[in-house]
Amino acid sequence: MTDTTTPRGFVGGTGGTVRRRRKALTTVAALAVMGAGLLVARTALVPWAYPLPGQPRLTGYWQGSVAYADKDVRRVLLQIRHDENCSMACDMTGGIKVCGSGKETHGGLAGDVHNWRGSRFTLDPYLPRDKGDVNIETLDGEWDGEVIRMRARTEFIDASGTWGSSQQPPDPPAFEMRHIDEAAFEAGCAAG
């Protein structure tokens, strides 16, 4: 008697096809579970950058006004990003623009969160140091949903480029920042 069935694994064989489909579905399901696990881990480990849907985030674009003096109020625009590739203590990177006194200053920034939720953090701007002007050296923030309460530490460098302890103005009072969109950040000082 001759066997007329098709060997398993060949076209037309039912056993091999079912096993391949089952293996492919198992692989897809495993990848989906791993991807969901990574998303949950990001939200659990860095909730200020990857919040649950509907929750506020610290990352993004922000705007506020800092008063260096009664007649010297400047707009500060921030772009805050989570820095996933930093090898040392630098949780955030981004950009900063300072508008006022007839000029726009812009540069980068780096910073650290001081707690798991990201409600307290410090940013170090990398701005050109203008002679004869007040310069932002550090920003300390307290984030509460849609508002950041910011304190700027400033430094005055005189027209000759020297720093003197007797010339330093008091740090400006705290100011608030609120979310803006990317277009407002890109428009910078031209936006008002």
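Things worth noting here:
- When residues in the stretch 72-91 are screened for being in contact with a Cys (Cβ under 9 Å, 6 or more places away or on another chain) and in a strand (DSSP E or B), 4 of them pass.
- Matching residues in the stretch 78-109 - criterion: being open to solvent by less than 20 Å² (accessible area, probe 1.4 Å) and under 11 Å from the mean Cα position of the chain (by Cα): Leu78, Ile80, Met92, Gly94, Gly95, Leu109
- The set of residues in the stretch 146-163 being in a strand (DSSP E or B), open to solvent by 30 Å² or more (accessible area, probe 1.4 Å) and modelled with pLDDT under 90 consists of Arg153, Glu155, Phe156, Trp163.
- Residue, nearest to Ser160 (Cα to Cα), within the stretch 115-139, restricted to residues that are open to solvent by 20 Å² or more (accessible area, probe 1.4 Å) and among the acidic types (Asp, Glu): Asp130
- Picking from residues in the stretch 115-145 that are assigned to a strand (DSSP E or B) and among the acidic types (Asp, Glu), the one that is modelled with the lowest pLDDT is Asp133.
- Glu186 at pLDDT 85 or above, more than 22 Å from Trp48 (Cα to Cα), open to solvent by 40 Å² or more (accessible area, probe 1.4 Å) and not in a strand (DSSP E or B): yes
- Residue check: Asp112 meets all listed conditions (1) in contact with a Phe, Trp or Tyr (Cβ under 7 Å, 6 or more places away or on another chain); (2) open to solvent by less than 30 Å² (accessible area, probe 1.4 Å); (3) in a strand (DSSP E or B) but one, namely (2).
The values are calculated or read from the model by the stated rules, or taken from the named source; none is laboratory data. If you're wondering where the values come from, they're calculated on a predicted model, not measured in any experiment. Methodologically, a virtual Cβ is constructed for each residue, glycine included, from the backbone with ideal geometry; neighbour enumeration extends over all protein chains shown. Accessible surface is based on the protein model in full, side chains and every heavy atom, while ligands, DNA and RNA are left aside. Shrake-Rupley method; radii C 1.70, N 1.55, O 1.52, S 1.80 Å.
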